[in-house]
Amino acid sequence: MTLIGKVVATEKNPTTIDDFYFWTDKKCQLKPFDVVVVKHIENTITYGVIEEISHITDAPSYLAGFISNDFGDVQHEPLTERIGMNYVKCRVVGNTNNIYTPVLDGSPVLLADEIQIKEALGLSDVKNPLPAGYIEMYEGENKKTIPVHFNSHFLIGPEGAHLNISGISGLAAKTSYAMFLMKSIQDTVLNSGKDESVAFVLLNVKGHDLLSIDELNTDKKEVEEIAPIYKLLGLEKKPFDNVKYFYPYSKEIAPTTYAAVVDVENQIKRGCAFQYKYVFEDDRDSIDLLFANVDDPNETMESIVNYISTGQGKFNGITSWEDLKRTLYEHTQTGNKDSSGKEITVLSWRKFYRLFNKSYEKNKSLFANRCCDQHEVRLKEQIQEIKKNDVFVIDIAKLDEETQGFVFGDVMRAIYDLKLGATDKKEAEIPSKIVIFIDELNKYASSEIPKNSPILKQLLDITERGRSLGIILFGAEQFISDIHKRVKGNCATLAYGRTNVIEISKGDFQFVPSVYKSMLTRLKQGEYILQNPIFRSLLNIKFPKPIHKYK
């Protein structure tokens, strides 16, 4: 251990059970999040994490500095160097004998070794270890690179569950970090030999992000950079296993996905890609999901959905989406003779028809009468057959916003029904945990979403009760302040990527020290500030680029 300074307690800034200050040489290279150790009473050691670093001299004012340089000559070299030092504010994170009385003035402060760093941050002897990234401690010749592991029981249950990732689009690499963690789960948890079975359902909401995750990264330079980090973390240098892709149905592939047509065709030939449809007779109960973001204070939309799904009036016996559209149109006409639905006004029917028709006309091929061959599937049926270690990638990127919500809500319902035993599948055949990943979570769980939204209700149910069922949500969005407080409040793990000064002024960042807030506005790609129940402090972690192919 290297001695770097001593504790200083002043009248205005005493040491407390929460924090302390120490002075150090102005050339000593330290940074926020570094761990230091302080020799304390009864031969114990107190651990501190650096929060702020300041430099001070004996100059009484800025004017003194100006005068000492020959009244503002910037080329002047003073004959006598001013007395100066750095002083550092640290937050106490532990003591080797759980002694939390304040450290004493003049106590030696030293750099920590790797064992002490892990002990200080809660990274030693982690049960059920799951790679979360790595930390770089100190600078120069004292630099250390240390792997960071979650206790998987606090990420995917049963002790704690759900992950929220926030940060500016592109700069924060939110999808990349979520994929890294799911790769960690697939490599670590499933190969641990324990009675664990995890499956993954990923919603691809933009571009090509997740449409080739079973292929190795084609950038050889990146793979060379990734290799030592994967070795440090104990991960396999290969892409995801057991991947199945689901694309919106269309006779022509190009209009419904950002993936290259030839890539989709090759995946279909390999038997790992399918096109999904919604068949009216089987999916009529999901119509309400098309109106998830529609404000419905009088519940008229809900009344119409119930009227249709229970086959009342003219809706009795219809068997296709086209019949539904025609019947809806009839109800929009003044003088409609279907008296059984007269309590619903014509204006409400017109609003319903307009919203339904908007999504239906844009995605006619998706709303079909039946599935014709083995490559055409219903998502509900596929999810009922999901197995341990399966990775389902459901592409919704090119769908309009309402239809994206429809598919997402349908997928969540199918998973919920599966875990609640609402299917014929035996419990032993169902994965004990199913991880759902969705980017742009704010579309479905923001504080502005109508309270009666069926998708919001489903998300609240998953974050509040999903842990006990083994349904785990990995969500990502640009600004965590936009997310419903009950959704983000039930996430055991929070990952903060690069953001802007407006966001860090919000209430979600009140607990974050001011220096850490400033760091959030300049984090690099591949860096996150991480909060998890087993960590004794916020961690500034890094993670490698994707091992799988991405664009």
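The values are calculated or read from the model by the stated rules, or taken from the named source; none is laboratory data. None of the values given here were measured: they were computed from a predicted structure. As a convention, Cβ positions derive from the backbone with ideal geometry for all residues, glycine included, and neighbour counts pool all protein chains shown.
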If LEU355 meets every condition in (1) more than 20 Å from SER453 (Cβ to Cβ); (2) over 25 Å from the mean Cα position of the chain (by Cα) apart from one, which number is that one? (1)
Of all residues in region 457-476 being in a helix (DSSP H, G or I) and under 17 Å from the mean Cα position of the chain (by Cα), the one that is surrounded by the most Cβ atoms within 10 Å (Cβ to Cβ): LEU459
Using the structure shown, decide if ASP296 is part of a loop (DSSP other than H, G, I, E, B) and either acidic (Asp, Glu) or closer than 25 Å to LEU399 by Cα (or both). yes
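Conditions (1) modelled with pLDDT of 90 or more; (2) under 30 Å from the mean Cα position of the chain (by Cα); (3) hydroxyl-bearing (Ser, Thr, Tyr), marked per residue:
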{"site": "LYS251", "(1), (2), (3)": "no, no, no"}
{"site": "TYR276", "(1), (2), (3)": "yes, yes, yes"}
{"site": "PHE280", "(1), (2), (3)": "no, no, no"}
{"site": "ARG284", "(1), (2), (3)": "no, no, no"}
{"site": "GLU302", "(1), (2), (3)": "no, no, no"}
{"site": "TRP321", "(1), (2), (3)": "yes, no, no"}
{"site": "GLU330", "(1), (2), (3)": "no, no, no"}
{"site": "LYS337", "(1), (2), (3)": "no, no, no"}
{"site": "SER340", "(1), (2), (3)": "no, no, yes"}
Okay, strands (runs of 3 or more DSSP E) sitting entirely in region 156-262 with 2 or more residues that are more than 21 Å from LEU379 (Cβ to Cβ), I get 163-166
Look at region 436-456 and say how many of its residues are of a type in the set (Lys, Arg) and either in a helix (DSSP H, G or I) or under 15 Å from the mean Cα position of the chain (by Cα) (or both). 1
Taking the conditions exactly as written (loosely packed, with under 15 Cβ neighbours inside 10 Å, at pLDDT 90 or above and over 23 Å from HIS375 (Cα atoms)), does ARG326 satisfy them or not? yes
Are any of the residues in region 237-254 aliphatic (A, V, I, L, M) and within 25 Å of ILE529 (Cα to Cα)? no
Kindly indicate whether VAL407 is assigned to a strand (DSSP E or B) and either surrounded by fewer than 20 Cβ atoms within 10 Å (Cβ to Cβ) or modelled with pLDDT of 90 or more (or both). no
SER481, sole failed condition from (1) more than 30 Å from ARG413 (Cα to Cα); (2) within 16 Å of the chain's Cα centre (by Cα): (1)
Collect the residues in region 127-137 that are buried (at least 18 other Cβ atoms within 10 Å of the Cβ) and either among the small types (Gly, Ala, Ser) or part of a loop (DSSP other than H, G, I, E, B) (or both), keeping them in residue-number order. ASN128, ALA132, GLY133
